[in-house]
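K.L.:
Submitted below is the structure of interest, expressed as structure tokens.
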Amino acid sequence: DVERLRDAGERDMRAFQKYREEAGRTECSLRSSVGMLENALAEAVARLRVLEIQNLAERNATEELRVRNVSMSSHLAEYSKIAESLYSLAQNTGGNAKSNG
């Protein structure tokens, strides 16, 4: 009777030891997974910061190009007016030269 109790106790101890070993492996695996996820998250955040910086640079470049475009459009309008004035002047001057000649 005592021997059966001792055998049952030993079985229980072996089963409990196996459970603890499995729990230890599971914990180790989970810690490893968490570590990999933390690294992946850190890399993603770093990449996001790089993309944000690139996006800001692109927005600044786009704004600079927009300002240049507005300026060039304004200059083009001025040149167009000057060209029209010169054309009108040339027409008037040419007409006067013909009537004087």
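The values are calculated or read from the model by the stated rules, or taken from the named source; none is laboratory data. Here the structure is a predicted model, which means the values were calculated and not measured.
K.L.:
Here is a list: Asn39, Asn92. Which entry is of a type outside the set (A, V, I, L, M, F, W, C) and at pLDDT 95 or above?
P.N.:
Exactly one residue qualifies, and that residue is Asn39.
K.L.:
Which of the numbered conditions does Val2 fail, given that it passes all the others? Conditions: (1) under 24 Å from the mean Cα position of the chain (by Cα); (2) modelled with pLDDT under 95.
P.N.:
For Val2, the exception is condition (1).
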